[in-house]
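Read the structure below first, then the notes.
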Amino acid sequence: EIVLTQSPGTLSFSPGESVTLSCRASQSVNSRYFAWYQQRHGQAPRLLIYGTSNRAAGIPDRFTGSGSGTDFTLTISRLEPEDFAVYFCQQYSSAPLTFGGGTKVEIK
Amino acid sequence: QVHLQESGPGLVKPSGTLSLTCTVSGGSVRSSNWWIWVRQPPGRRLEWIGEIYYTGNNNYNPSLKSRASVSVDQSKNQFSLTLISVTAADTAIYYCARGIHPGSAVASLVQQWGQGTQVTVS
């Protein structure tokens, strides 16, 4: 199975700053089948990005996904208070689908 | 707006059977979706367990060694997870979810998640 590695585990930023999260795959992923999710504390995960760079319905344009092959990134511009959460990546390019371990974006 | 809600026992004895149900409201399990179970053990990453299409097609994670079964009850608009021979390693938050296989994808894009339910094996 494809192993997704997210590092670091925690990032500390201030509101208004921009942050880039990384997700590396153990083997090449079809970029059409790569996603990012957000999970706020105590809430269900929420789909942010699918197909590497497509924002899901209702997701603000400060969230941008990019990447190809084995390296994918999620950039959050101008962090808002509600953006401090855990973000995890997912590939659905090959079975079984797999998730990254998550990166927590916390307030500095 | 589709809403997913997990239900079931929060405590299961070792070697017993874990049974969870996901009630779908605001939509139908007969729609063109994959109905999915995902879990997250404490301190570990999310793990896909398995899924079912409304036609009855199933896919499972081989890591569970055939212990998992996902079924759908169209009359109740629910789908269920059964996990047999549980151990402490099966302690996790269990999520039900809705997904699709876009294009030629062989696995699901998880579009929507339930809130999750804690299951402890002890």
Quick test of your reading of the structure: residue B:96 fulfils all but one of (1) under 20 Å from residue B:32 (Cβ atoms); (2) in contact with a Pro (Cβ under 6 Å, 6 or more places away or on another chain). Name the failing condition by number. (2)
Scan region B:50-80 for residues that are without any contact (Cβ under 8 Å) to a residue 40 or more places away in the chain, of a type in the set (S, T, N, Q) and not in a strand (DSSP E or B) and jot them down. B:55, B:57, B:61, B:63, B:66, B:75
How many of the residues in region B:93-114 are assigned to a strand (DSSP E or B) and in contact with a Cys (Cβ under 7 Å, 6 or more places away or on another chain)? 1
Counting just the residues of region A:65-108 that are polar (S, T, N, Q) and farther than 30 Å from residue B:61 by Cα, which one comes out surrounded by the most Cβ atoms within 10 Å (Cβ to Cβ)? A:77
Would you be able to tell me the number of residues in region B:24-44 that are surrounded by 18 or more Cβ atoms within 10 Å (Cβ to Cβ) and closer than 19 Å to residue B:74 by Cβ? 7
So is residue B:42 under 19 Å from residue B:85 (Cβ atoms) and either out of contact with any Gly (no Cβ under 9 Å at 6 or more places or on another chain) or in a loop (DSSP other than H, G, I, E, B) (or both) or not? no
Can you find a residue that is over 23 Å from residue B:108 (Cβ atoms) and surrounded by fewer than 22 Cβ atoms within 10 Å (Cβ to Cβ) anywhere in region A:43-53? no
Just need a number here: residues in region B:108-122 that are within 14 Å of chain A (Cβ to nearest Cβ) and aliphatic (A, V, I, L, M). 2
Among the candidates B:19, B:28, residue that is out of contact with any His (no Cβ under 9 Å at 6 or more places or on another chain) and not in a loop (DSSP other than H, G, I, E, B): B:19
Residue B:82 of a type in the set (Val, Ile, Thr), over 15 Å from residue B:47 (Cβ atoms), away from chain A (no Cβ under 14 Å) and surrounded by fewer than 18 Cβ atoms within 10 Å (Cβ to Cβ): yes
Tell me, yes or no, whether region A:41-60 has at least one residue that is modelled with pLDDT of 95 or more, more than 14 Å from the chain's Cα centre (by Cα) and within 9 Å of chain B (Cβ to nearest Cβ). no
Of all residues being surrounded by fewer than 18 Cβ atoms within 10 Å (Cβ to Cβ) and facing chain A (nearest Cβ under 8 Å) in region B:90-107, which is nearest to the chain's Cα centre (by Cα)? Just the residue, please. B:106
If only one of A:66, A:12, A:22, A:26 is of a type in the set (S, T, N, Q), within 14 Å of chain B (Cβ to nearest Cβ) and part of a strand (DSSP E or B), which one is it? A:26
Counting only residues that are of a type in the set (S, T, N, Q), more than 14 Å from chain A (Cβ to nearest Cβ) and surrounded by 12 or more Cβ atoms within 10 Å (Cβ to Cβ), how many does region B:52-73 have? 2
Being closer than 30 Å to residue A:30 by Cα, free of Cβ contacts under 8 Å to residues at least 60 places away in the same chain, of a type in the set (D, E, K, R) and crowded, with 22+ Cβ neighbours inside 10 Å is the requirement here; does residue B:47 meet it? no
Residue under evaluation residue A:47, criteria (1) part of a strand (DSSP E or B); (2) touching a residue at least 24 places away in the same chain (Cβ under 8 Å); (3) within 17 Å of residue B:46 (Cβ to Cβ), criterion not met: (2)
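The values are calculated or read from the model by the stated rules, or taken from the named source; none is laboratory data. These figures come from a predicted structure and were not determined experimentally. Ideal geometry is used to build each Cβ from the backbone, glycine not excepted, and the neighbour counts take in all protein chains shown.
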